[in-house]
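The values are calculated or read from the model by the stated rules, or taken from the named source; none is laboratory data. Because the structure is predicted, anything quoted here is derived from the model rather than measured. Here Cβ is always computed from backbone atoms with ideal geometry, including for glycine, and neighbour counts include all displayed protein chains. Heavy atoms of the whole protein, side chains included, go into the accessibility calculation; ligands, DNA and RNA do not. Shrake-Rupley method; radii C 1.70, N 1.55, O 1.52, S 1.80 Å.
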Amino acid sequence: MVKARRGSGGVPVPDKKELSGRMPIEDAGIPAELTLFLSQHTGAPSKPLVNVGDEVKRGQKIAEAQGAVSACLHAPTSGKVKAIEPRYQPVLGRESDAIVIAPDGEHALYEGLAPVGDDLEAISQDKIREVVRESGLVGLGGAAFPTAVKLQPPPDKKIDTYLLNGAECEPYLTADQKLMEEAAQDIVFGFRALMKGAGVEKGIICIEDNKPDAIRAMEEAAKPYPELEVAVLSHRYPRGGEKQLIEAVLGREVPPPPGLPLDVGVIVSNVGTAHALAVALKTGLPLVERIVSVTGEGVARPSNFRALIGTPVSYLIEKAGGFSGKPGKVILGGPMMGVAVKDTDVPVLKGTSGVLVLPAQAVKSEPVLPCVRCGRCVEACPMRLLPVWMAAYAENGYLEEAEKMRVMDCCECGVCSYVCPSRRPLTQSIRLAKSQIAAKRRAAAKK
Amino acid sequence: MVSAIISLGLSGLVIGILLAYAAHKFKVETDPRVAEIISVLPGANCGGCGFPGCAALAQAIAEGKAATNACVVGGSKVAEMIAKIMGVESEAAEPVVAVVYCQGNCDNAVISAEYEGLEDCHALHALGGTKKCSYSCVGLGSCVKACVFDAIHMGEDGIPVVDREKCTGCGACAKACPRGIIEMVPASKKVHILCRSYDKGPVTRKNCKVGCIACQACVRACPQKTIFMDRGTLAKIDYKGCDNCGICVTKCPVKTIKSYEEKAEAAAS
């Protein structure tokens, strides 16, 4: 077992995993409508391959990746393409083109799906990379970075370790935990396939110590393979951030952006990604569904669902017994990094690991007080930034100064807002400045 | 004593000669007109002209890189004075004022969410706003904060109100609005179609009582034929042809079109 270091920054947060942690994964079923955004991964949007009115089948490719960093998209069930139109994309925070499918209920598989096999020795590295690319695989931890890009590091970078991220440090969420408990064998298979695809010899599975069942299952599944290890980490938020994980497990510090984990010889993937690859290799089915925790004190029956990508959030909440009492906030993702949505008709994206419903009394906001310069946010920042100054610049519109303070390096983990005794919306101000700077850069690039 | 006076006097003389020489030798030619232009500009440094402050605009005008009427705040008076300094014919600048193209207040618009958080329109806009209509004013007053002339205030109903007397037309509020519903319009134009929703008619009708439902009654009624349909779903006035006749105001079934004279009368009564 690998002994983990404490790492810098972060805070202990109540984990709240008990709500949905005991519920087995259930199939959510087929909703009345699926909304598949062409842009639900990091990078360029995909390009539709189907037209309105076309019949599609489960697993059929409906949009092609465009450019170096992009991912393709597949139909999660059989049905008819109802529309291709802009819809509100909650993570981007603006309207974005989406393919809308009206399922026919038959759930018929696409004939073209070809399983590759379950003997890793017989599958070549190139074949694995091809499957990863063709399955539209993205990081299922939340950022949805196309996995195919990760597996092809530039030749001058020597990668020695592959980390499998099962830390799931966000409170409430139990999607990765349940997957590790129930599908450990598949995850290990998928992880070994990822390692082979990237040409990495050593793999470490990283899990926080608040998931003992998952640790046991993964240790059991990894036992036959000497190249795999399981690292148990203490619970601390944001332990599961890519850079924080590398520091905690390997003691290596990723250089500030544009530095990448590649620069310290590491690739990190989420356990869900490994599982999706295992499914793609064994059955030929691309990434069309994922595990989503529907949890929080605001739902009647917190659950873990295997949901089709594009399933409306309202449908999942309904499946989880509906709201219990007056809902205060519905959040896609966890309470620290998730985005609140105003409309529960938004769909599950590839990167949506949970739907969190907080009751009205839990989200009552208290007045924001002036900053008292206590420096707790500075101490807690896992990126070693100065949230107090970045937020002050951001609030007053000094974007250039904020940029000089490296506001763009912020990972938006939310720790600064969490620890602030004056309840200042630090992360929110910083996020706003980041989006404004990004918009400025886009405008400058266009010129 | 005497030696002190002599040595000090001599060194003073030497330094003085050096300074005089330096002033002559390293003289920087400045355009005297720049200083003159700065003196007639309003000096608010609002940035409405697109230059970083009045001094920069003055420099640009003197170099011929900006028009003599580039200062929107100063209006025709300042433009005339600058034209005089530059020795050119004054080009008349039509004064403009800001118009907020939304009436989706609490009574008119359907509100679908509550918001608690950063008091900034951009932040709320990124979350989709609290109203059903995605083109509506988000109502947190980023435009009010942007105005250096105190000419735009948040109305009681949550929609900003422009003080047409104070508004100088610098356009800072229009730039601050994440939804682009503030536009600069010639001050002489009194009739406006106060909606920017490109939703189809039935959708707009569900979202807002006073949104343009694209019935085209105004297009047909306009004697000047200066109202047109933008993208087929939103009526807009081409202000060049508008003579403030106000016929469209009476024809609009949902009262999207308002005339400022009518508004002033309503306020007076």
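Assuming 1.306 mPa s and 10 °C, estimate D for the range A:1-105 with Stokes-Einstein, Rh taken as the Kirkwood radius over Cα pairs, in µm²/s. Rounded to a whole number, D works out at 96 µm²/s.
Seen against the Cα atoms of chain B and their longest principal axis, helix B:75-86 is set at about 30 degrees. Checking Cβ-Cβ separations below 4.7 Å across chain A identifies A:Cys72, A:Cys169, A:Cys206, A:Cys371, A:Cys374, A:Cys381, A:Cys410, A:Cys411, A:Cys413, A:Cys420 as cysteines lacking any candidate disulfide partner.
Please label the shape of chain A as rounded, prolate or oblate, based on the square roots a ≥ b ≥ c of the eigenvalues of the alpha-carbon gyration tensor (a/c under 1.5 means rounded; beyond that, a/b larger than b/c means prolate, else oblate). If you can, show how the numbers build up before the last one.
Working: a/c = 1.36, a/b = 1.17, b/c = 1.16.
Verdict is rounded for chain A.
In this label model, A:Ala108 and B:Leu13 are separated by 11.1 nm, measuring between points 7 Å along each Cα→Cβ vector.
What's the local net charge at A:Ile99, with K and R +1, D and E -1, over the other residues with C-beta under 15 Å away? Mind dumping the intermediate values first?
Details: positive: A:Lys47, A:Lys57, A:Arg58, A:Lys61, A:Lys80, A:Lys82, A:Arg87, A:Lys350; negative: A:Glu33, A:Asp54, A:Glu55, A:Glu64, A:Glu85, A:Glu95, A:Asp97.
So the environment of A:Ile99 carries a net charge of +1.
Taken across both chains, chains A and B shield about 1000 Å² of accessible surface from a 1.4 Å probe.
Per DSSP H run of at least 4 residues, take -39500 (n - 2.57); add these up for the protein assembly as shown, divide by its residues and hand me the 222 nm value, nearest 500 deg cm²/dmol. Spell out each step's value before the answer.
Numbers: 24 runs with 219 residues, N = 716.
It lands at -8500 deg cm²/dmol.
Among A:Phe145, A:Phe305, B:Phe149, the sequence by solvent-accessible area, most first, with a 1.4 Å probe is A:Phe145, B:Phe149, A:Phe305. The C-alpha atoms of chain B define a longest principal axis, and helix B:2-25 lies at about 50 degrees to it.
Based on the Cα gyration tensor of the range B:32-86, what are the three equivalent ellipsoid semi-axes, each the root of five times an eigenvalue, rounded to whole Å and given largest first? Mind dumping the intermediate values first?
Details: eigenvalues 38, 29, 20 Å².
Listed largest to smallest, the semi-axes of the range B:32-86 are 14, 12, 10 Å.
Measuring between their Cα centroids, the range A:324-352 and the range B:120-164 lie 25 Å from each other.
Of the solvent-accessible surface of the range B:190-269, computed with a 1.4 Å probe and all protein chains present, 54% belongs to carbon and sulfur.
Note on B:Lys77: lysines with a C-alpha under 17 Å away, same-chain residues under 8 apart excluded, are B:Lys166.
First select every other residue whose beta carbon is under 10 angstrom from the beta carbon of B:Ser112; then total the charges, Lys and Arg +1, Asp and Glu -1. My count for the surroundings of B:Ser112 gives +1.
Rank these residues by their accessible area, most exposed first, probe 1.4 Å: A:Ser417, B:Ser7, A:Ser293. Kindly include the intermediate steps, with their values, before the conclusion.
Working: A:Ser417 30, B:Ser7 65, A:Ser293 0 Å².
Of A:Ser417, B:Ser7, A:Ser293, the descending order of accessible area is B:Ser7, A:Ser417, A:Ser293.
Heavy-atom accessible area for A:Ser39, with the other protein chains in place and a 1.4 Å probe, reaches approximately 20 Å².
Mind scanning B:Lys200/B:Lys236; B:Lys190/B:Lys225; B:Lys209/B:Lys240; A:Lys342/B:Lys131 and naming the pairs with a C-alpha gap bigger than 21 Å?
Numbers: B:Lys200/B:Lys236 15 Å; B:Lys190/B:Lys225 17 Å; B:Lys209/B:Lys240 29 Å; A:Lys342/B:Lys131 9 Å.
Too far apart for the 21 Å limit: B:Lys209/B:Lys240.
A 1.4 Å probe, protein heavy atoms only, puts the accessible area of A:Phe191 near 0 Å².
Can you check what the net charge comes to around B:Lys206, using other residues whose Cβ is under 11 Å from the Cβ of B:Lys206 (Lys, Arg +1; Asp, Glu -1)?
+3
From the alpha carbon centroid of the range A:49-84 to that of the range B:19-63 is 60 Å.
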